[in-house]
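Comments concern the structure below.
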Amino acid sequence: MTQSKNSNSWHATTILTVRKGGKVVVAGDGQVSLANTVIKSNARKVRPLAGGDVIAGFAGATADAMTLFERLETKLEQYPGQLTRACVELAKDWRTDRYLRRLEAMMIVVDANVSLVLTGTGDVLEPEAGMIGIGSGGNYALAAARALADSDFDAEEIVRRSMKVAADICVYTNENIVVEILNAAE
């Protein structure tokens with residue numbers, strides 16, 4: 001997520017993932033803001049990679065995220081079927097490469113087996129319970145998802161309801177969401 005001391009900084013977004021009932025769902029809102037102005041309302045911040053076997057979502061500067069998506073795609077080609085290894089290798093590059101370490105973003109990356117958070121500080125984290133929220137509205141969406149986890153709602157409905165909660169609270173999050181779904185390993 002992009003947080004700078006400059007009042008004209010690009011603000012983050014909301015990305016959420018939930019694993020439940022044999023599915024992993026990742027959603028991201030579409031709002032891009034500059035200071036207190038909405039620049040775009042339908043940005044696509046969640047996308048399938050590796051032929052649809054991986055879904056990635058980003059919070060942060062758009063050009064930085066595009067660079068990271070490309071680098072991750074390369075790592076996934078180098079280490080097919082090894083999401084964690086590909087993400088660790090990307091995190092190493094992100095932290096040590098002179099150009100990459102200046103990138104301001106966070107990513108959620110999932111496949112059928114694992115959900116990970118990647119940061120520019122070299123973190124590759126697998127949160128408990130298969131739920132992750134990042135970006136300016138990430139904590140709101142995550143809290144809502146945790147509250148709904150034991151409900152009868154499936155993963156997609158939990159994500160959609162949780163993203164609505166985040167959009168109602170976070171001024172940098174809108175209700176124009178993109179949802180991607182994978183079948184998860186049981």
Just to confirm my filter: which strands (runs of 3 or more DSSP E) fall fully inside the range 16-67 and include at least 1 residues that are surrounded by fewer than 16 Cβ atoms within 10 Å (Cβ to Cβ) and without any contact (Cβ under 8 Å) to a residue 40 or more places away in the chain?
32-34, 37-40
Residues of the range 101-116 satisfying the condition of being farther than 16 Å from ARG85 by Cβ and of a type in the set (A, V, I, L, M, F, W, C)
LEU103, ALA105, MET106, ILE108
Are any residues in the range 68-93 outside any loop (DSSP other than H, G, I, E, B) and either surrounded by 22 or more Cβ atoms within 10 Å (Cβ to Cβ) or touching an Asp or Glu at 6+ places or on another chain (Cβ under 9 Å) (or both), and if so, which ones?
LEU68, ARG71, LEU72, LYS75, LEU76, GLN78, LEU83, THR84, ALA86, CYS87, LEU90, ALA91
I need a count of the residues in the range 127-165 that are under 14 Å from the mean Cα position of the chain (by Cα) and aliphatic (A, V, I, L, M).
7
Name the single residue that is surrounded by the fewest Cβ atoms within 10 Å (Cβ to Cβ) among those in the range 165-181 being in a helix (DSSP H, G or I) and touching a residue at least 12 places away in the same chain (Cβ under 8 Å).
ILE169
Are any of the residues in the range 94-108 among the small types (Gly, Ala, Ser) and either modelled with pLDDT of 95 or more or not in a strand (DSSP E or B) (or both)?
no
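Between GLY30, GLY22, GLY52, which is over 23 Å from GLY120 (Cβ atoms) and in contact with a Ser or Thr (Cβ under 8 Å, 6 or more places away or on another chain)?
GLY30
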Selected residue (only one of ASP123, ASP152, ASP97 is surrounded by fewer than 18 Cβ atoms within 10 Å (Cβ to Cβ) and under 19 Å from VAL25 (Cβ atoms)):
ASP152
Tell me, please, whether a residue that is touching a residue at least 60 places away in the same chain (Cβ under 8 Å), surrounded by 15 or more Cβ atoms within 10 Å (Cβ to Cβ), acidic (Asp, Glu) and out of contact with any His (no Cβ under 6 Å at 6 or more places or on another chain) can be found in the range 110-118.
yes
Checking the conditions here, which among VAL109, VAL117 is of a type in the set (A, V, I, L, M, F, W, C) and in contact with a Cys (Cβ under 9 Å, 6 or more places away or on another chain)?
VAL109
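The values are calculated or read from the model by the stated rules, or taken from the named source; none is laboratory data. Just so it is clear, the model here is predicted, and its values are computed rather than measured. A quick note on method: Cβ atoms are made from the backbone with ideal geometry, for glycine too, and the neighbour counts reach across all protein chains shown.
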